[in-house]
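Encoded as structure tokens, the structure appears first; notes follow it.
The values are calculated or read from the model by the stated rules, or taken from the named source; none is laboratory data. On a predicted model such as this, the values are computed, not experimentally measured, just so you know. Backbone-built Cβ (ideal geometry, glycine too); neighbour counts: all protein chains shown.
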Amino acid sequence: MPEGDTLARTADGLRPHLIGRTVVAARARSGAQVGRLVGARIDAVEALGKNLLMRFSNGLEVRTHLRMHGTWHRYRPGERWRRPAGRAVLVIEVEGAVAVCFDAPVVELFEARAERIHPALARLGPDLLAAEFDAAEGIRRFRGAAGASTAIGEALLDQRIVAGIGNIYRSEVLFLERVDPFLSTATLDDVTLERIVMTARRLLRAGAGRAGGPAGGGPARVAERAGARAWVYGRAGRPCRRCGTLVRSSRLAGVLPRPVYWCPACQAVAPAERPLPVGAGAGPADA
């Protein structure tokens, strides 16, 4: 699933070709009545967490969520698309450019004034890529009902706490901060939580091409493209780049039981402190 920095780069790539231009054609594969956008000017293209938002001069807004396989492309009029037209879920045409969203499972059209009560957007935690990120609010949410009783590796994927972290960065951030992903969030002090959050912010901002370099000398875009050097993500059974211990992988319980990767030496806690992961009796599960 694309993470916050991918969405930020996508918005940055689309913005120069769409902002200020009038929609001349629009169509969607879903039930979204995007024909209502024709004649409206595109006023904003923004990433919010893992969502891409387009706002229009007629008070309407489009939200896409790419999930695992979605992507946005931009073409010149008449240019051949790099994916089959049947996979396009949203097409927006302006003078000089065609923006095409492929394979995204979420395409919504709604009134922009309803964004503050939108069932997904209104619940998002502070956006880690925002220029004015509220770290204190993020920590407060880790202490709230959504995060306090969960493992830190699970809480980092909960977009209601902080928005923008996905499966890649949660493993990399916890490795860089030497925090065991199975530790309960309640056992971590505020200083540790702030370190985790700010390291995630630095990595995401570096990956998005914003100011600030990657924390701890780590890669800016970890494991997102061929040749990228991740610390632990996707490296189960291979030596830790820091200490040589074999990296492990297992699935955390929760709403999003995706594999988490960690070094049992660099991120060590006493065995009694580690809750059993999903499928613990069968050993680590790799994806």
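Pairs please, first residue from segment 127-144 and farther than 17 Å from GLY49 by Cα, second anywhere and among the hydroxyl-bearing types (Ser, Thr, Tyr) and in a helix (DSSP H, G or I), Cβ atoms under 9 Å, 6+ apart in sequence or on different chains.
Every condition considered, the pairs that remain are ARG143/THR185.
Would you pick out the residues in segment 23-50 that are within 18 Å of VAL100 (Cβ to Cβ) and either touching a Lys or Arg at 6+ places or on another chain (Cβ under 6 Å) or in a strand (DSSP E or B) (or both)?
Those that are within 18 Å of VAL100 (Cβ to Cβ) and either touching a Lys or Arg at 6+ places or on another chain (Cβ under 6 Å) or in a strand (DSSP E or B) (or both): VAL23, VAL24, ALA25, ALA26, ARG27, ALA28, ILE42, VAL45, ALA47.
Just the residues that are in contact (Cβ under 8 Å) with a residue 12 or more places away in the chain and small (Gly, Ala, Ser), please, taken from segment 49-81.
Of everything in segment 49-81, those that are in contact (Cβ under 8 Å) with a residue 12 or more places away in the chain and small (Gly, Ala, Ser) turn out to be GLY49, SER57, GLY59, GLY70.
Looking only at segment 184-203, decide whether some residue is crowded, with 24+ Cβ neighbours inside 10 Å, among the acidic types (Asp, Glu) and assigned by TED's automatic domain parsing to the domain that holds ARG235.
Scanning segment 184-203 turns up no residue that is crowded, with 24+ Cβ neighbours inside 10 Å, among the acidic types (Asp, Glu) and assigned by TED's automatic domain parsing to the domain that holds ARG235.
When you look at ALA99, is it small (Gly, Ala, Ser), part of a strand (DSSP E or B) and touching a residue at least 12 places away in the same chain (Cβ under 8 Å), yes or no?
yes
Among the residues of segment 32-48, is there at least one that is farther than 16 Å from HIS17 by Cβ, without any contact (Cβ under 8 Å) to a residue 12 or more places away in the chain and not acidic (Asp, Glu)?
yes
Taking the condition in a strand (DSSP E or B) and more than 16 Å from LEU48 (Cβ to Cβ), does VAL89 pass?
yes
Looking at segment 68-88 only, could you name the residues that are aliphatic (A, V, I, L, M) and more than 22 Å from the chain's Cα centre (by Cα)?
Answer for segment 68-88, where residues must be aliphatic (A, V, I, L, M) and more than 22 Å from the chain's Cα centre (by Cα): just ALA85.
Going residue by residue through segment 164-182, is there one that turns out to be out of contact with any strand residue (DSSP E or B) (no Cβ under 8 Å at 6 or more places or on another chain), farther than 16 Å from LEU204 by Cα, part of a loop (DSSP other than H, G, I, E, B) and at pLDDT 95 or above?
Yes, segment 164-182 contains a residue that is out of contact with any strand residue (DSSP E or B) (no Cβ under 8 Å at 6 or more places or on another chain), farther than 16 Å from LEU204 by Cα, part of a loop (DSSP other than H, G, I, E, B) and at pLDDT 95 or above.
Any idea which residue in segment 119-132 is farthest from ALA200 (Cα to Cα), counting only those that are out of contact with any Asp or Glu (no Cβ under 6 Å at 6 or more places or on another chain) and crowded, with 18+ Cβ neighbours inside 10 Å? Break it down into steps so the answer makes sense when it comes.
Keep residues of segment 119-132 that are out of contact with any Asp or Glu (no Cβ under 6 Å at 6 or more places or on another chain), which gives 119-120, 122-125, 127-132.
With the extra rule that they be crowded, with 18+ Cβ neighbours inside 10 Å, the set shrinks to 124-125, 127-129.
Numbers: LEU124: 16, GLY125: 14, ASP127: 11, LEU128: 8, LEU129: 9 Å.
Only one residue tops the list, namely LEU124.
Residues are listed down the side, and each one gets a yes or a no for (1) modelled with pLDDT of 95 or more; (2) closer than 30 Å to ARG201 by Cα:
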| position | (1), (2) |
| --- | --- |
| VAL38 | yes, no |
| LEU53 | yes, yes |
| VAL62 | yes, yes |
| LEU66 | no, yes |
| ARG80 | yes, no |
| PRO84 | yes, no |
| ALA88 | yes, no |
| VAL94 | yes, no |
